[in-house]
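A.B. asks: Sharing a structure, written as structure tokens. Questions coming.
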Amino acid sequence: MNPGMKLIKYLLFLFNLIFSVTGVALIVTGAVVQSFYSQYLDFLGNELLSASMLFIIVGIIIFFVTFFGCCGASKENSCMILTFACLLGIILVCGLAGGIAAYVLRSDVGTIVEMNMRKSMDVYSLSGHEGVTKTWDGLQHEFRCCGVAGFNDWGSIDVMNKVNVPDSCCKTITQHCGENMITAPRPNDTIFTDGCAVKLQESIQSNAGIIAGVGIGVAVIQVKNLNLTAIDIKHALYPL
């Protein structure tokens, strides 16, 4: 083997190592986003979690793909190298699709979140909708907020008797601490008054940006890997 092909083989091994690390990054990124936002599924809808799930699947597949790359390069097996190249191309498309989907969804987050939040407010604390109640309470406590656009949103909900807010809006949660807060002279002394929609939207957009960045980064590595693989395929099929 000439020195140039040795260098290409070593570079291919190196990029496969980097590729496997990106697989871990994809799995971790997707899992963290999926785990955190799955508790707010009532507000987000399945479409906003699809990109993170795609990244987890692609990350797992990457581990199997790197096997073909390393074995094919070491044995100069043209069949394995061709399989590796095809799988790389598929992952490249999936990675770009996930990154683009995450980027595009950033602009739709506000509309989707606000629409779902307002729908779910109507069934807060009603029998059979304990999951929605738990989601709202968790969101308001976690993000230190109250209502969709603000605490006054709860004034339009019948179950709140037009004057109450959920206890989860309170800065210090105690039983019935949210009573009469809509009409209280200084509600911000007791409850969080900022709306939850903007805070949740900003958090989602931030994570969508990370997902998009990781997806594009993986695509760049894959393009370089494909270039090296093409050279290795040519050498395996037409050795000098």
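Rule-based calculations on the coordinates, nothing more; no lab input. Because the structure is a prediction, the values reported are computed rather than measured. Positions of Cβ are backbone-derived with ideal geometry, glycine not excepted, and every protein chain shown enters the neighbour counts.
A.B. asks: Would you please give the residues with an amide H less than 5 Å from that of Ile191, counting only those at least 5 places away or on a separate chain, with H modeled from the backbone geometry?
C.D. replies: Those qualifying (amide H under 5 Å, at least 5 residues apart or on another chain) are Lys171.
A.B. asks: Continuing with the same structure: Reported to two decimal places, what Rg/Rh ratio describes the range 120-189 when computed on Cα atoms with Rh from the Kirkwood expression?
C.D. replies: 0.92
A.B. asks: Turning to a different aspect of this structure: For Gln175, what is the net charge nearby, where nearby means another residue's Cβ is under 14 Å from its Cβ and Lys, Arg count +1, Asp, Glu -1? Don't jump to the answer; show the numbers that get you there.
C.D. replies: Details: positive: none; negative: Asp137, Asp167, Glu179.
Surrounding charge for Gln175 is -3.
A.B. asks: Something else: Determine, for Ser127, Ser35, the number of other Cβ atoms within 10 Å of each Cβ, and report the residues in order from fewest to most. Each step should come with its number before you reach the end.
C.D. replies: On the way: Ser127 6, Ser35 10.
The fewest-first ordering by Cβ neighbours comes to Ser127, Ser35.
A.B. asks: Taking the Cβ of Lys199 as the center, what net charge do the other residues with Cβ under 13 Å away carry, scoring Lys and Arg +1 and Asp and Glu -1?
C.D. replies: Details: positive: Arg144; negative: Glu114, Glu142, Asp194, Glu202.
Overall, the nearby charge balance is -3.
A.B. asks: Could you calculate, for the range 155-208, the ratio of the Cα radius of gyration to the Kirkwood radius, expressed as Rg to Rh?
C.D. replies: Values: Rg = 13.1 Å, Rh = 12.2 Å.
Computed over Cα atoms, the ratio is 1.07.
A.B. asks: Calculate the dipole size of the range 120-189 relative to its Cα centre from +1 charges on Lys and Arg beta carbons and -1 charges on Asp and Glu beta carbons; express the result in debye to the nearest 20.
C.D. replies: Values: 5 positive and 9 negative charges, 40 e Å.
About 200 debye.
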